[in-house]
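Notes follow once the structure below has been shown.
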Amino acid sequence: MSTEQSPTRRTFLATSMLGTAGLAAQGSLAQVTDKTNDGSSIHIGSRRELFIENSLIESITGQAKQQLHNPIPQEISMQHDEDWEGTGSGYHSIFQDGNRYRMYYKAWHIEVSGGGVSTNRHPLYCCYAESPDGVHWEKPNLGLYEHDGSKDNNITLSSGTVGELNVDAGHPAVFKDENPNVTDDALYKAIVRSSKPNGLLPFKSPDGIHWTPMTTKPILHGLGAFDSQNLAFWDPNIGQYRAYWRIFTEGVTSDKEWKPGGYRAIRTATSDDLINWGKHTDISYEDSPAEHLYTNQIKPYHRAPHLLLGFPARYVDRAWAESTKNLPELSHREARAKGSPRYGTAMTETLLMASRDGHQFKRWNEAFMHPGIERPGTWHYGQQYIGWHLVETESALAGAPKELSIYSVESYWHGKGSALRRFTIRLDGFVSVYAPLEGGELITKPIKFDGKQLNLNFVTSARGQIRVEAQTPNGEAIKGFTLSECDDIFGDTIDRTVSWKGNRDISTLVGKDIRLRFMLNDAHLYAYQFQA
């Protein structure tokens, strides 16, 4: 049967699938968020827009809803089993740099003995690995720092002293600087922790291997706990560097435990040069409770850089419940608890959050990455620390588009060393607007755009479909771009152009205030973008 249908046929199909509630936008699931107070439109230009937060959503009705998606576990990318890596390797920084992928991480040995925790076997190191494809990784022999009498290792930065500062290379956050004015000797930057006095210390490098400190005084001194992966990056949206770091909302006791009522939280500030920082503020959330967040992993999403995506590790202590005793490796859990009870009963998992201004975030309260099926090396404190940040890799399916790879720690403090597992998720596939076959719809807030065509990233069933309507700000369908004129959209693709009776050109609406109305039946819509 032809996919071309008459307006009468289309109206009947919409009515039968959506019902009157969907068509009249009277469904009880309607959600209205962040209305523009002055009625003005939001100029999105040709940006790719995701549904990971609600800034551009006016309403969701019928059976439609925003749905969080979970990454799919793949292979172990790296075993941290070298003597200098120890049992506690983590805090990975991962990014694509031309035709290779770079990885930096802490190398730390932790063991429980005599009722306590020992971390004194060797200094904390920052190590380096690289890959041609983001899947197969190697640890190059850098020959820079000596460990146990040999320089045959991949250590790129070692803990030590800078002036009067004690530098902790084991809490690294490394990035390639995208500041258009960056100098050749500082193409790469690293943020590490310092103490006496406490704070952070920025390093620079021309090649990502050889590092020199940018200052001998700590930045952001006294403004946080800093006992996590504290990071900074160049944000092209504001033309400044942003930093995000760990704090305790109620301070910290002498044994580095949080005070009653306090939480591990996230603080931020901006800078023109990575050394001098402006006012610091604690980030806030739309509708999330106060929870312990160990890391933040915030960075612009490369396919939509105006969106800052974060993947914080949520810390949960379930105490010695019956289920705790049934989790994997009870004997190891009990041994860790001898160092501190929470080392045996706490566990970590990954959340997802997004922001447009870097201060207020939409944080999904459900886990983005669960600890997973029970198996050795899982369901413990330190698992699911996500590498900073996402990279694109080839799909294992021949002919399929690229996908996003995310890297997660497991077996932390276990056996000879921790492991790093790769996970994959669809491009832009964090959150979709989904509706079952009965149907639902989403209407955007008023927008202005640049471009000639509208492209979608979506999935439907063989029976399902998506249709799109352009409306005036007051909800009137625009002739030539109405729901009844839209050609049925079905399939599974990251980039399909919308057409109305075969017409793909939407440039007559450029510069005008419009709303987009998406009607979905057994479909997921991940993103949309106006393109030239």
Considering residues of segment 429-475 that are in contact with a Gly (Cβ under 6 Å, 6 or more places away or on another chain) and either polar (S, T, N, Q) or surrounded by 20 or more Cβ atoms within 10 Å (Cβ to Cβ) (or both) only, the residue nearest to Arg515 (Cα to Cα): Glu441
Subset of segment 202-226 [within 19 Å of Thr281 (Cα to Cα), buried (at least 20 other Cβ atoms within 10 Å of the Cβ) and of a type outside the set (Phe, Trp, Tyr)]: Pro218, Ile219, Leu220, Gly224
Residues of segment 446-488 that turn out to be assigned to a loop (DSSP other than H, G, I, E, B) and among the aromatic types (Phe, Trp, Tyr), as a count: 1
Output for segment 183-239, where each listed residue is within 26 Å of the chain's Cα centre (by Cα) and β-branched (Val, Ile, Thr): Ile191, Val192, Ile209, Ile219, Ile238
Test for Trp388: is it closer than 23 Å to Phe423 by Cα, touching a His at 6+ places or on another chain (Cβ under 8 Å) and of a type in the set (Phe, Trp, Tyr): yes
Conditions (1) in a strand (DSSP E or B); (2) under 17 Å from Glu82 (Cβ atoms); (3) more than 29 Å from the chain's Cα centre (by Cα); (4) not β-branched (Val, Ile, Thr); number of the one not met by Leu142: (1)
Scan of segment 120-135 for residues that are touching a strand residue (DSSP E or B) at 6+ places or on another chain (Cβ under 8 Å) and either polar (S, T, N, Q) or part of a loop (DSSP other than H, G, I, E, B) (or both), ordered by number: Arg121, His122, Pro123, Leu124, Ser131, Pro132, Asp133, Gly134, Val135
Odd one out for Gly199 among (1) modelled with pLDDT of 95 or more; (2) surrounded by 17 or more Cβ atoms within 10 Å (Cβ to Cβ); (3) at positive phi: (1)
Qualifying residue in segment 107-117 (condition: modelled with pLDDT of 90 or more, in the same structural domain as Arg421 (by TED's automatic domain parsing), within 18 Å of Leu404 (Cα to Cα) and surrounded by 21 or more Cβ atoms within 10 Å (Cβ to Cβ)): no
Hits in segment 500-529 - residues which are over 20 Å from Asn54 (Cβ atoms) and either in a strand (DSSP E or B) or of a type in the set (D, E, K, R) (or both): Trp500, Lys501, Asn503, Arg504, Asp505, Lys512, Asn521, Asp522
Flag if Tyr145 is out of contact with any Lys or Arg (no Cβ under 8 Å at 6 or more places or on another chain) and assigned by TED's automatic domain parsing to the domain that holds Ala232: no
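Yes or no, residue by residue, for (1) part of a loop (DSSP other than H, G, I, E, B); (2) in contact with a helix residue (DSSP H, G or I) (Cβ under 7 Å, 6 or more places away or on another chain); (3) closer than 14 Å to Ala243 by Cβ:
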residue: Ile191; (1), (2), (3): no, no, yes
residue: Pro202; (1), (2), (3): no, no, yes
residue: His210; (1), (2), (3): yes, no, no
residue: Lys217; (1), (2), (3): yes, no, no
residue: Leu223; (1), (2), (3): yes, no, yes
residue: Phe226; (1), (2), (3): yes, no, yes
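The values are calculated or read from the model by the stated rules, or taken from the named source; none is laboratory data. Computed from a predicted model, the values in this text were never measured in an experiment. Because the Cβ atoms are built from the backbone with ideal geometry, glycine has one as well, and the counts that use them run over all protein chains shown.
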